[in-house]
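I have placed the structure first, in the form of structure tokens, so that the comments after it can refer back to it.
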Amino acid sequence: MKTKPHLTVAVAGLATAQVCTVPAATLYVASNPPNPTPPHATWVTAAATIQDAVDAAGAGDEVVVTNGTYATGRRAVGTNLLANRGAVDKPITMRSRLRSARSPFGENPYFH
């Protein structure tokens, strides 16, 4: 009996998915910056008000505020006719660059 040679080819398809994540931006706030310019990515271009930095931030970003007195900036929230000193309307992280000696949290471990 005569046999015919045959070739079996198996093809395996691999599906890969790549998840691209964009690192969170860090925005800075200083009470008297030399050149407050969005996106407030350096201390030189830091926002002059906390609200300016919050408005420029995207979800997941970090806003770092240095020591100073921030007595400006107002934002009405929802149907409230009274303006708040500031309003955070997105999920961001806000932290102090340096903690005050009066702070109950003590020294900031990120800055020495």
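Annotations
- Checked against (1) outside any strand (DSSP E or B); (2) surrounded by 15 or more Cβ atoms within 10 Å (Cβ to Cβ), Lys90 meets all criteria but (2).
- Restricting region 82-107 to residues that are of a type in the set (Ser, Thr, Tyr) and at pLDDT below 75, the residue that is nearest to Ala48 (Cα to Cα) is Ser100.
- Pairs linking a residue in region 21-38 that is more than 18 Å from Arg97 (Cα to Cα) and modelled with pLDDT of 95 or more to a residue that is surrounded by 12 or more Cβ atoms within 10 Å (Cβ to Cβ) and aromatic (Phe, Trp, Tyr), with Cβ atoms under 7 Å and 6 or more positions apart or on different chains, do not occur.
- Counting the residues of region 54-87 that are aliphatic (A, V, I, L, M) and either assigned to a strand (DSSP E or B) or surrounded by 16 or more Cβ atoms within 10 Å (Cβ to Cβ) (or both) gives 9.
The values are calculated or read from the model by the stated rules, or taken from the named source; none is laboratory data. Values in this document were obtained by computation on a predicted structure and should not be read as measured data. A quick note on method: Cβ atoms are made from the backbone with ideal geometry, for glycine too, and the neighbour counts reach across all protein chains shown.
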